[in-house]
Each structure stands twice: as structure tokens, then as C-alpha cells.
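Enquirer: Quick one: the structure is below, questions incoming.
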Amino acid sequence: MWLFIQDQLIYLGDDSRGDAFKERNREESRQDSAALSSVTLSVTSNLGQVKDGVVSPSIRSEDSDDSDGWETDLECEESKPQYDPTGRTLYQRACQKLGIIPASFFVRHMIEPTVIMAHHGLGPLGIRAMALALLYNTKVTSLNIRDNGIGEEGGEIMAKLLRENYFIVELDMSENKLGRRAITEIAETLKENNTLTKLGLAGNSLDDKDAEVICQSLLVNNTLSHLDLSCNKFSNKACEFFAKVLDENIALSDLDLSWNHIQVKGGQALAKGLRGNVKLKSLNLAWNGLANDGARAIAGALLENGTLRMLDLTCNRISHTGAFSIGRCLESNSSLEVLRLAKNNLQNNGACALLNSISKNGDSRISKVDLTGVVIKEEFHLIAKKLRKLKQIEVITDETPELRSKREEPDPGTLLRNYIAKEHVLVVDLFRKLDHDGSMQVSVKEFAEGLRKSHVGMTQYEVDKIIDMLDADKDGEIDYSEFVCIQAEWKSDEKAKRKISSKEPY
């Protein structure tokens with residue numbers, strides 16, 4: 001069999017099996033040539049050589065009659081190969097000619113709708129072979145090739161593939177060092193492709209120029225709904241392009257711009273586009289530098305925007321001043337459901353202001369507020385507890401409530417004194433009641449049993465505390481003298497309290 005690669009006819013195997021096989025091989029060669037050309041599978045001229053010491057047969061003409069096979073009627077009746085909806089055969093042949101080892105994981109899972117090939121080290125050659133298979137594959141609808149080092153060349157191949165394959169609706173090419181040429185091809189594809197709904201381009205060191213190219217295509221595209229552009233190098237200038245997309249695009253519902261270089265002016269630009277947006281439901285601006293003014297602008301846009309459901313402003317150098325601005329907007333917003341303000345210096349008063357604003361808004365739909373890393377106090381926890389009961393809102397913090405002062409355990413002597421006062425008996429009378437044999441001593445066991453029968457209303461723990469106090473010498477016996485000492489202490493305590501109260505001003 002023969003394979004055309006870059007206008008070269010390359011021998012794949014023994015071609016001495018009759019005219020029927022020759023005809024089939026010629027058809028396969030034409031298919032391979034067209035496929036490789038359509039996805040720009042250009043390879044070097046030495047790929048036709050077989051490695052590991054095996055000499056590639058010289059190129060022979062299709063009319064060569066050096067075949068030693070025999071033509072029979074049986075060969076003519078051989079069935080034609082069935083159509084392969086996975087492209088597995090093409091993938092394996094391409095890997096052989098490109099001199100790479102097929103990715104066994106891809107071979108196993110290319111019949112499934114979701115293929116996750118992240119961190120497989122495919123490189124440009126690996127993605128070429130995969131693209132050839134995907135050109136004919138009708139099974140895969142979601143493809144993740146994150147962190148495979150495919151570079152500009154691989155990015156161009158995948159972009160052109162999407163102009164032929166309309167079955168793939170989700171594609172993640174994050175962390176692949178795509179470069180300007182690949183981004184340009186992707187932008188051209190977005191203008192033509194009307195099936196792709198989710199695209200990941202995070203971590204590709206994209207700059208403001210790349211943002212402009214992407215945004216121009218988004219103004220035309222009406223199908224892409226999720227776009228991940230996090231961990232890039234977009235600055236305030238890029239936000240001007242994104243603002244125009246937010247103002248005009250009617251398809252984008254999820255935009256991730258986290259971990260970029262967006263500052264105050266960038267936030268203000270995005271706010272302008274967000275005001276008139278009617279589709280965006282999730283906006284992630286975490287780990288940028290919006291500061292208070294940028295946060296105030298975004299919050300102001302919420303007064304006019306009625307579609308945004310999730311807003312992430314985590315770690316944006318927002319203080320309590322910015323929290324007050326956001327809180328004022330939350331008093332009238334009725335669409336936002338999730339608000340993330342973690343790792344900002346909101347302080348306790350800023351955090352409390354946010355919760356108070358939510359509680360004031362009867363139409364508020366907020367169900368989750370993330371304030372992880374914010375220093376909060378007991379006041380905040382009281383408001384949060386009330387809000388949870390009122391609206392069943394999940395408030396996330398990593399701060400435990402301040403340690404509440406434990407309820408002071410009543411002094412054992414106080415417990416006994418209260419009982420004596422309640423029953424109107426003297427200490428001596430109580431001791432005599434418990435001292436059945438008149439020995440002026442009561443065992444610990446007898447004392448505990450006597451208190452239980454007297455229905456003092458003490459727990460076992462409280463009884464043990466009283467016994468521990470009365471049995472000063474720890475001999476297991478409570479003497480009358482010890483009772484008298486306790487009574488003397490009570491009297492001195494009462495005198496001290498009366499003395500203090502007499503000195504207090506009216």
C-alpha cells in the first residue's frame with residue numbers, strides 16, 4: 001500500500017496481492033493524501049524511510065508487474081473495508097509514518113464522546129496524527145488536550161480541524177504555548193464554526209494583541225458560550241476589546257478572565273460592557289488588581305445588569321470601602337446568586353455590610369457568599385446566623401467564631417448554699433440530717449446518697465464538686481468542722497459583697 005505525504009508516494013507494505021488489493025490500496029492512498037493535506041500534516045522528506053535498520057523499498061510504479069501473486073476470482077469477491085467512524089486505522093498509519101508511538105489512551109477512548117488527553121506530551125507530531133483521526137471521527141464531542149506542548153503548529157492544525165469536524169463542541173487547548181499564528185487561525189475558525197460551544201485557552205501567555213484578534217471573531221460568532229482565558233497576560237487595554245464583546249455578543253454566557261493583569265481601568269472598561277449585556281451568567285475576575293474603584297465600577301454595573309448569576313472578585317485588593325460599594329448595589333440587585341470575595345481585606349465591618357445589604361433586599365437571590373480569608377468577629381457570625389435562617393444562604397469563611405466565654409460553672413458551695421436557702425434550713429441541720437449515727441462525721445458515700453434522697457436537684461458532677469470541696473483532707477470523710485469552715489467562708493463572702501455594693505455610686 002502507498003501513502004501520499006507532502007506529494008511523495010511512500011511504500012507502506014507488500015503490494016503483491018492482485019489487482020483487487022491494488023485498487024483498494026490506491027483508494028486508501030487517495031484518502032490519506034486528502035486527509036493529511038486538509039489538516040496540514042506536512043512532514044519532512046525522510047519520513048518515508050523505515051527506521052530500526054529496515055530499508056524502505058524503492059518507489060515503484062503502479063504498473064509494475066513484479067508481483068508474484070496469483071489473480072483469482074476469489075480476490076475480486078473480497079468485501080470492501082468497512083467505514084471506520086473513529087479514524088483509528090488512519091491514526092495508527094499516521095503515527096507509523098511520522099515515527100511516533102501511538103497514544104494507547106487515545107486509541108482506547110476515541111470511541112467515547114469525552115476524551116481527556118491532558119498532560120500526555122503529544123507535541124506537534126502527536127497532534128498531527130490525532131487530527132487525522134479526528135478528521136473522520138464522529139464519536140468524540142469533547143476533547144481536552146491541555147498541557148501537551150503542541151505549540152503554534154499544533155494550534156494551527158487543531159484550528160483548521162474544527163473547520164472540517166463539526167462533531168467536536170468542547171475543546172480545551174490550555175497551557176500549550178499556542179502563539180500568535182495559532183490564535184489567528186483559531187479566530188478564523190470561530191468565524192466559520194457554528195457548533196463549538198466551549199473553548200479553553202488558559203495559560204498560553206496571550207497578550208492584548210491576541211485579545212483583539214479573539215474579540216473580533218467573537219463579535220461574529222453566535223455559538224460559543226464558555227470561554228476560559230485565565231492565566232494569561234491581558235491588561236487594561238485588552239478589557240476594552242472584551243467590553244465590546246460583552247456589549248454586543250449574544251451567545252457568551254461564561255467568561256473567565258482570572259489570573260491576568262487587569263487593574264482599575266480594566267475593571268471600569270468591563271463594567272461598561274457588562275451594563276448592557278443580556279446573556280453573560282458567570283464572570284470570573286479573581287486574582288487581578290481591580291482595587292476599590294474597579295470593584296465599585298463592576299458593582300455599579302449590577303444595578304443595570306439583570307442576567308449575571310456568578311461574580312468572582314477573589315483576591316483583588318478590595319478593602320472595606322469597596323465592600324460598602326458592592327453592598328449598596330446588592331440592596332437592589334435581584335439576579336446575582338453567587339458572590340466570591342475571598343482573600344480581600346474587607347475587614348469585619350465590610351463583611352457585615354455585605355450581609356446586611358443582602359438581608360435588606362427582599363428580592364435577593366444570593367445563595368452563596370464566599371468570604372474565605374476575611375478577618376471577622378462575633379458580630380459577623382450573629383448576622384450570618386440570622387441570614388441563614390431567613391434566606392438559607394451559605395456563607396463561607398475560614399474563621400471560626402470567636403471563643404465565647406464559657407458559662408461560668410457555679411461554685412459547689414454556691415449550689416449548696418442555694419439549696420439551703422431554698423429549703424430554709426441551717427448548715428448544722430443539714431449535716432445532722434445526713435449524720436445518721438451522730439458521729440459528727442459523714443462518709444462521702446453517705447453524703448452523696450443523702451443529697452440524692454433530699455432531691456437537691458444537682459447533677460452527679462455537681463455533687464462530686466461539692467464533695468471535693470467539703471472533704472478538704474481527702475480522707476473520704478466529711479467532718480462537722482469542715483462544714484463550719486464552709487459556713488464561715490460564706491459569711492465573709494457576703495460581707496465583702498455588701499461592702500463593695502455600698503461603695504458603688506447611684
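Nothing in this text is a laboratory measurement; each read-out follows from the coordinates by a stated rule. Quantities reported herein were computed from a predicted structural model and do not represent experimental measurements. Heads up, the Cβs are rebuilt from the backbone with ideal geometry, glycines too, and the neighbour counts pull from every protein chain shown.
Enquirer: Only loop residues by DSSP count here, and only those with at most 15 other Cβ atoms within 10 Å; note down the chymotrypsin sites (Phe, Trp or Tyr not before Pro) in segment 188-269 that meet that.
Expert: Details: sites: F234, F241, F242, W259; in loops: F234, W259.
The qualifying sites: there are none.
Enquirer: Provide the FRET efficiency to the nearest 0.05 for the E449-E304 pair, computing r from the beta carbons and using R0 = 45 Å.
Expert: Details: r = 77 Å, r/R0 = 1.71.
Efficiency computed from Cβ-Cβ geometry: 0.05.
Enquirer: Among the listed pairs K279/K343; K191/K281; K198/K377; K160/K209, which have their C-alpha atoms separated by more than 32 angstrom in this model?
Expert: Values: K279/K343 28 Å; K191/K281 23 Å; K198/K377 42 Å; K160/K209 21 Å.
Beyond 32 Å: K198/K377.
Enquirer: So what does the Cα-only Debye profile of segment 96-142 read at q = 0.13, 0.30, 0.32 Å⁻¹, as log10 I(q)/I(0), no solvent term?
Expert: Per q value, in the given order, log10 I(q)/I(0) is -0.27, -1.35, -1.43.
Enquirer: Work out from phi, with θ = phi - 60° and the Karplus expression 6.51 cos²θ - 1.76 cosθ + 1.60, the ³J(HN,Hα) of each residue of segment 376-386, listed in order in whole Hz, and give x for Gly and Pro.
Expert: Going residue by residue, I get 10, 10, 4, 4, 4, 5, 5, 5, 5, 5, 5 Hz, with x marking Gly and Pro.
Enquirer: Here's something else I'd like to know. Please list, in chain and number order, the residues 5+ apart from I478 or on another chain whose amide H is under 5 Å from its amide H, with Hs placed from the backbone.
Expert: V442, S443, V444
Enquirer: Hey, another quick one. R365's amide H: which non-local residues (gap 5+, or another chain) put their own amide H closer than 5 Å, with H modeled 1.01 Å from N in plane and none for Pro or chain starts?
Expert: S335, L336
Enquirer: When the Karplus curve 6.51 cos²θ - 1.76 cosθ + 1.60 is applied with θ = phi - 60°, which whole-Hz ³J(HN,Hα) does each residue of segment 294-311 get, with x for Gly and Pro?
Expert: x, 5, 5, 5, 4, 5, x, 5, 5, 5, 9, 7, x, 10, 5, 9, 10, 10
Enquirer: Additional query: Between rounded, prolate and oblate, where does segment 160-277 land on the alpha carbon gyration tensor, with a ≥ b ≥ c its root eigenvalues, rounded for a/c under 1.5, else prolate if a/b exceeds b/c?
Expert: Working: a/c = 1.94, a/b = 1.34, b/c = 1.45.
Oblate, since a/c reaches 1.5 and b/c is not below a/b.
Enquirer: Turning to a different aspect of this structure: In whole percent, what relative contact order does segment 241-378 give with Cα contacts below 8 Å and a gap of six or more residues? Please list the in-between numbers first.
Expert: Values: 323 pairs, mean separation 27.7, N = 138.
Relative contact order for segment 241-378 comes out at 20 percent.
Enquirer: Taking a ≥ b ≥ c as the square roots of the eigenvalues of the Cα gyration tensor of segment 235-345, is the shape rounded (a/c under 1.5), prolate (a/b larger than b/c) or oblate? Before the final figure, lay out the partial values.
Expert: On the way: a/c = 1.59, a/b = 1.14, b/c = 1.39.
Because a/c hits 1.5 or more and a/b fails to exceed b/c, segment 235-345 counts as oblate.
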